[in-house]
Amino acid sequence: MIENTTFDPEKIRADFPILAKKSGTRDLIYFDNAATSQKPRCVIEAIEKFYANDNANIHRGLYHLSATATSDFENARKIVAKFLNAREPRECIFTRGATEAINLVAASWGRKNLRAGDEILLTQMEHHANIVPWQIVAEETGATIRVAPILPDGSLDVAAWKNLLSARTKIAAFAHTSNALGTKNPVRELVAAAHSAGALALIDGAQGAAHSRIDVQESGCDFFAFSGHKVLGPTGIGVLYGKVDLLSAMPPYQSGGDMIEKVDFAGTTFRGIPERFEAGTPNICGAVGLGVALEYFQKIRAGAEAHESALLRYATQKLEAIPSIKILGTAREKAPVISFVMRGVHPSDLGTLLDTYGVAVRVGHHCAMPLMKVLGVTGTVRASLAFYNTFAEIDAFADALVEIEKMF
Ligand code: PMP
């Protein structure tokens with residue numbers, strides 16, 4: 001049943017030029033939003049405006065143009081801080097994305113603080129970006145990785161996760177929202193439990209930032225990582241949020257220009273945060289674009305969330321009505337992500353056939369190979385929705401699936 005929401009996706013769609021595109025002869029139905037979101041016109045225009053009017057390197061120039069670029073960049077940091085409800089903008093470090101943000105913590109905090117016998121607590125639903133950096137630092141330091149299981153519906157087994165916490169746990173790193181299943185984790189509860197055990201908590205917010213209100217003070221997390229391109233912003237820009245005391249005590253991750261106080265061949269001293277973690281020329285225009293994206297998103301977010309929930313319920317009902325389809329990940333708290341398999345059809349074949357109907361979905365392991373092993377599949381088809389998707393697109397998607405089902 002199509003639910004009535006006051007949010008008007010047709011009006012919103014007009015802000016996204018790419019959504020008017022054809023895929024071959026068909027209308028493009030973009031259901032790969034978990035991989036990257038599309039960009040509203042205001043972001044595209046902000047990028048053009050920056051390079052046409054404001055471009056200069058930041059922090060170093062004494063001339064007017066450099067001062068403007070610097071203030072654009074630092075203003076973007078303020079917008080990010082507001083988006084996350086960070087206490088101060090300097091708690092927000094610009095990175096290339098969530099991947100680099102997690103690598104930064106694993107390499108900088110991890111190398112300094114982890115020892116043999118210490119434990120890093122992960123979950124079975126993690127993206128490779130929240131597994132591999134921890135494996136590398138575990139190998140270097142002798143720390144051990146523990147992995148909490150999921151339940152059959154794809155939600156985290158919170159009781160088992162809590163049982164794995166102990167005085168040995170130094171950090172618990174978990175997804176806010178699973179990219180492969182859509183499961184939203186009870187992050188506040190997990191952070192509180194990690195803290196009671198004396199561990200830090202890192203939230204991989206790559207998916208969460210696009211589908212939930214984020215409040216780092218409310219969740220109490222120590223670190224939060226996200227990517228701009230999944231929240232309407234450009235690629236190549238992301239953020240690591242960290243508490244001031246923790247970030248200030250961490251050694252540099254990368255080094256070079258802009259992060260130093262004084263360099264001498266006898267030794268170098270480093271600047272405070274955030275500059276200490278932003279070596280070299282950053283993605284200035286990316287940060288500016290991200291700021292514009294987050295401001296746009298914040299204006300529409302409440303309606304967007306309700307519309308996405310209605311889309312998820314509608315798409316789930318439609319797919320459940322197709323006998324050969326099995327949805328993987330049916331947790332009660334879910335982002336609009338539907339992972340599924342069709343009996344007798346390889347996910348890659350299904351993805352290729354859907355493309356002929358103009359439907360863009362992702363197939364494969366979704367950078368979560370350990371999760372696929374737990375689910376007993378080599379891959380799934382993933383339809384990941386956004387607030388600019390419509391009920392009519394879901395109808396067209398479901399009709400295509402019914403036609404494909406008949407081919408096999
Ligand atoms: N974590 C999760 C849950 C993700 O979905 C992704 C992107 N698919 C990442 C981390 C990594 O994000 P990025 O590639 O933008 O660094």
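The values are calculated or read from the model by the stated rules, or taken from the named source; none is laboratory data. Here the structure is a predicted model, which is why all the values come from computation and not from measurement. Because the Cβ atoms are built from the backbone with ideal geometry, glycine has one as well, and the counts that use them run over all protein chains shown. When the accessible area is computed, the model is the full protein with side chains, heavy atoms only, and any ligands, DNA or RNA have been set aside. Shrake-Rupley method; radii C 1.70, N 1.55, O 1.52, S 1.80 Å.
With Kirkwood's inverse mean 1/r over C-alpha pairs for Rh, give me the Rg to Rh ratio of region 240-288, two decimals please.
Numbers: Rg = 11.7 Å, Rh = 11.7 Å.
My calculation of the ratio gives 1.00.
Per-residue ellipticity at 222 nm for the chain, helices alone: DSSP H runs ≥ 4 residues times -39500 (n - 2.57), over residue total, nearest 500 deg cm²/dmol? Spell out each step's value before the answer.
On the way: 14 runs with 153 residues, N = 408.
When only DSSP H runs of four or more count, the value is -11500 deg cm²/dmol.
Roughly to the nearest percent, how much of the accessible area of the chain is carbon and sulfur, given a 1.4 Å probe?
The C+S portion of the solvent-accessible surface of the chain is 53 percent.
Here the Karplus curve 6.51 cos²θ - 1.76 cosθ + 1.60, taken at θ = phi - 60°, turns the phi angles of region 238-244 into couplings of x, 9, 10, 8, x, 5, 3 Hz, with x standing for Gly and Pro.
Using a Förster distance of 56 angstrom, determine the FRET efficiency expected from the C-beta separation of ARG13 and LEU62, and round it to 0.05. Efficiency for this residue pair is about 0.80. With the cut-off at 23 Å, tell me which of the pairs LYS318/LYS373; LYS21/LYS78; LYS230/LYS299; LYS11/LYS39; LYS170/LYS230; LYS318/LYS406 have Cα atoms farther apart than that. The answer is LYS318/LYS373; LYS21/LYS78; LYS170/LYS230. Of the three principal axes defined by the Cα atoms of region 174-223, the extents in descending order read 29, 19, 14 Å. Taking the Kirkwood radius as Rh and the Cα radius of gyration as Rg, region 130-173 has a ratio of Rg/Rh equal to 1.02. Annotation: average projected area of region 68-223 is 9.2 square nanometres, based on the convex hull of Cα atoms across all directions.
As an exercise, take the mean of 1/r over every pair of distinct alpha carbons in the chain, invert it, and state the Kirkwood radius in angstroms.
Working: mean 1/r = 0.0451 Å⁻¹.
Computed over the chain, the radius equals 22.2 Å.
On average over all directions, what projected area in square nanometres does region 108-195 have, based on the convex hull of its Cα atoms? Show your work: numbers first, answer last.
Details: hull surface 21.5 nm².
For region 108-195, the mean projected area of the Cα convex hull comes to 5.4 nm².
Let me know the shape class of region 13-89, please: from the alpha-carbon gyration tensor, a ≥ b ≥ c as square roots of the eigenvalues, rounded when a/c is under 1.5, otherwise prolate if a/b is greater than b/c, or oblate. Taking the square roots of the gyration eigenvalues as a ≥ b ≥ c, region 13-89 is oblate.
What does a probe at LYS78 reach in region 229-271, counting residues whose amide N is under 11 Å from the point 7 Å along Cα→Cβ? From region 229-271, the list is empty. On a per residue basis, region 33-98 carries 50 Å² of accessible surface, using protein heavy atoms and a 1.4 Å probe. The rule of thumb for compact globular proteins, 2.2 N^0.38 Å, goes into the C-alpha radius of gyration of region 293-359 1.37 times.
Counting DSSP beta bridges in the chain, what percent are antiparallel, to the nearest 5?
60
Binning the alpha carbon pair distances of region 321-386 at 5 angstrom intervals from zero yields the distribution 4, 17, 27, 29, 17, 6, 1, expressed in whole percent.
Using only the C-alpha atoms, the convex hull of region 259-408 corresponds to 194 Å³ per residue.
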